[in-house]
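Worksheet: the structure to be examined is printed underneath.
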């Protein structure tokens, strides 16, 4: 822009070109200067205020282009100082491809459309594939070497996965894929997409930003519950007084029916089925020790949280997710209630089985960690009527234990599990994402 | 694809080396071909050997030292060559390394620089052709490089990589290519070719229109200022080598007719031949100051030409073509010059150089008259010198002193000159001896080749001692400097020798350009022409009828010379003024058309009626403009029709959705005032049913209990059943709506 303005001002002030080359030269230099100025101004505006930049075209000079320009400038000045037309010719033969490179990249970027195909939800740490479809709606030319750079934005960072489309012929589309593995739970905003190219000579890079927006929900990563967790759970069951459901003989649940084996109790034979199948079939019972579970998650961090505290809070959520999934998949009769204690507390009540698991995982993915102080509302949902157990996963076990140690019967049955690595490592193996 | 890139780069580097070697006239640049081939076979393909970065750095350091020694030990041209040699050394160093992306890019840049240095060393036609080929090859190589780099980078970096700053995850880049497609297919080749052709066109426009606003007064070959403007063979500056291409050019420079001045009768063919002889010398400019291959003119006061027409016997009427110079030419013992043009004619007293001054530089022919008498060249001027004032005589003596002083740096020329003329006693004998040595001894031959053998010494020394072949500029320069070596004042004269005589008219062409020597001996300027007779044979061979190939070559040569020798004045005349003229003419025509005057338009139609004009450049421009106009028209029509169609569809949609169901819109507005708005997913029926749950009592009060349902049915009929409302129905609905509105407002 400055170059253009200088040219125009110099010519207006001195009339140098007009004197040298006449009115034609004067007009040509004014047109060139004005064009340079306007173009420069447009680039400045589009870089600082992208919303004014129309469809989002942008320009970048790669290092090769910079070197190329330096060589051109040297040759141009050399030709003027040395009065050398051959050198001026070499300069011109360098300028031509440079300008054409800029124009061709711009032409290729016109009428390009992008769409993205991704799963709606994934688990943190899982690698998944996103498909990008690039459509060239022009009648001419082929779009060559289009680098589609996607943006994946999360509250705590971002990623820029890329796909290179070697060529997309006119009125056709091509599909490309990139793989992504996201570490953090939460909502990710995908888009906009930046399509750039340097073809054919690589001297100028032009791009266009296309608004292709999508959302992706990433669930907390689940870990593995160790045998100690089972033992811990058994102990807790023994501690809790409960009423067994009268759902089968011997107070156990029907597990399966199977063929009779020698040694089976004859009383276990299911005669009706045996008659139907013409062989002896016995009912197999399994003692059910699954009980309703109330899970309270308190992933608290102090106002000036350290990384360690944040890790503990996230671990609490991962552990809670693992426990929830384990419970809903393995406990057929018992229900699950979850309270997430945070900025905006979440209360989730599912039935038996994992049919409502998605809503719980959505809540866990979007849950915002709190730094608010402890109060009774933490235990508002912990009344089990003696039918289940209450598990509280917290990052502040000492403070919570003081509350549960009180005379309140409601809180006395709450089992508190600390979320620190030390407290939890015996029961839970965190699947760390590398 | 890597192999194609390697081969393309090898060819590109080799081509650049050959161009540089040809321009320099030395084999150093051509060695790049061997190094490039060695690199291709043994480093790129066999991978037997390569130079490490450390060794390459040492080699680079050595290259800088070698080039530095060459730079500080040589003269200006040698310094330039040292830069070129450094580029060649660096090219070799990059070639022998294991190649990564940056090496390919550096080889491209260094190749381009070699070609640029070559541009300074030569301006021959072959260079232009080589430049066209090189730029195509460069475009192709860069395109292949870009394709290779983009795809290769993606494959190389397509691993799951953690990005430290971006802690939210990791990515694997993707690459989309048609698996059954060869990347370097016809589509790629055609795209590259297309880009090249357009680039070339753009480059030519840039070359023609870039203002030749030369910075300062410096020549690329010297650090001394030059005072001239145009770079042609006849200006106030001569650079050895410039005239090479001009000597192959048969473009007309001037036509000469002779008249008896007293009677005005035209010379017959015989009289003309008698007066001119076989090889007339048309004197133009003189060059007095010599430095490192450059001759320049001694600056003198310009005096207005006075008319001595009474004393002159012969009148040479010369029509000078617009070749962008102000110098005027004349033959023989010139008395005076005159012209009927608005421009005046000046003369320089000591050099007797005539030039035109004032007025506008015209693209038309300049006609002037040279009045002369029979006799030797300096006869009239010698008489004039006798009448000079003391100051003029003193200045002239100083002028001569300057022309007789040999330069110290040219001691080898002076020594050679003295050796040749050691047996001669008079200045006249010395001059003849030197002329004979150069012209007749057989040691020197005439050639248009301009190769330099030893760039570290002066070009004339190189000519006299090493090369011993050249064209007239070299012979004349050598003689002038040799005369000065003997203390004889001498100057170089540029002009024309010979011409094509057609009956009583003599035509001078560019190929008749010539240089010779004037030496001041015995108080007279005497003319010496040391160029061997082969020059005349060469010129004669060019004058005759030619084959189509030669004509074509000549055509290219003319364009090449016009471009390569273009001065600011010529650019103004050849490029800017015609464009200005065309624009002005178009403007005038348009103005006339607007004023109702169709004369110009008729002229254009007349022009179109002539088939001869169809294949002229005007025809080409016309076709181009018509095609441009038609394409623009088609494009605009498509855009406009698309816009109109979109607009029409929008209006249609609006009509369907709003105008035809105006009554329903009014109903919705009334309901909106009561806080009931139709949701986007709600049908009209659902909306009415939902709102009636609470407003039913109000409707009952005003006796409109079931009317909303009826309204919805009417709406459906109009909106989807394509059954417009009757006038009676419309009035009834409007009345009920008003009733409903007032009832609800009262409630509110």
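Values in this text are rule-based calculations from the coordinates and carry no lab data. Everything numeric here is computed off the predicted structure, so don't read it as measured data. Please note: Cβ atoms are built from the backbone with ideal geometry, for glycine as well, and neighbour counts cover all protein chains shown.
Here are the numbers for this structure:
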| item | result |
| --- | --- |
| Relative contact order %, chain A, counting alpha carbon pairs below 8 Å whose residues are six or more apart | 13 |
| Peptides ranked, highest mean first, by Cβ atoms within 10 Å: ranges B:107-115, B:278-286, A:272-280 | B:107-115, B:278-286, A:272-280 |
| Reciprocal mean inverse distance between Cα atoms of region A:66-199 - Kirkwood radius, Å | 17.7 |
| Three-way shape call for region B:1-66 based on the alpha-carbon gyration tensor, with the a/c threshold at 1.5 | oblate |
| Angle between chain B longest axis and helix B:599-609 axis [Cα atoms, degrees, rounded to 10] | 80 |
| Diffusion constant of region B:72-154 at 4 °C, which comes from Stokes-Einstein with the Kirkwood Cα-pair radius and 1.567 mPa s, µm²/s | 90 |
| Helical contribution to [θ] at 222 nm, DSSP H n ≥ 4, -39,500 (n - 2.57), averaged over chain A, rounded to 500 | -12000 deg cm²/dmol |
| Residues of region A:164-200 with amide N under 14 Å of the 7 Å Cα→Cβ point at residue A:358 | none |
| Estimated distance in nm for a label pair at residue A:175 and residue B:665, the labels positioned 7 Å out from Cα along Cα-to-Cβ | 4.4 |
| Residue B:182 versus residue B:259: modelled label distance in nm, points set 7 Å from Cα along the beta carbon direction | 7.3 |
| Chain B - share of DSSP beta bridges that are antiparallel (%, nearest 5) | 95 |
| Computed over chain B: relative contact order in percent, which uses C-alpha pairs under 8 Å that are six or more apart | 11 |
| Average beta carbon contacts from partner chains per residue of A:160-172, 10 Å cutoff | 5 |
| Length gained when the stretch residue B:126-residue B:729 is fully extended (0.36 nm per residue, less Cα-Cα span) | 208.0 nm |
| Alpha-carbon radius of gyration plus Dmax, which is the widest Cα pair, for region B:555-708 in Å | 35.1, 103 |
| Residues residue A:260 and residue B:672, FRET efficiency given R0 of 60 Å [Cβ-Cβ distance, rounded to 0.05] | 0.20 |
| Computed E for residue A:13/residue B:583 - FRET, C-beta separation, R0 22 angstrom, nearest 0.05 | 0.35 |
| Estimated FRET transfer efficiency when R0 is 41 angstrom, pair residue B:610-residue B:342 (beta carbons, to 0.05) | 0.75 |
| Relative contact order of region B:617-748, defined on C-alpha pairs under 8 angstrom at six or more residues apart (%) | 27 |
| Peptide B:140-151 - average C-beta neighbours from other chains (10 Å radius) | 5 |
| In Å, descending, principal axis extents of the Cα set of region A:1-114 | 51, 30, 21 |
| Computed label-point distance, nm, for sites residue A:377 and residue B:302 using a 7 Å Cα→Cβ extension | 9.7 |
| Binned Cα-Cα distances of region B:400-452, short to long, each 10 Å bin given as a whole percent | 20, 43, 33, 5 |
| The protein assembly as shown: C-alpha gyration tensor shape, a/c 1.5 cut-off, then a/b vs b/c | prolate |
| Global form of region B:388-529, assessed from the alpha-carbon gyration tensor, a/c cut-off 1.5 | oblate |
| Cα extents of chain B along the three principal axes, largest first (Å) | 143, 80, 52 |
| Average partner coverage of B:581-588, which counts Cβ from other chains inside 10 Å | 1 |
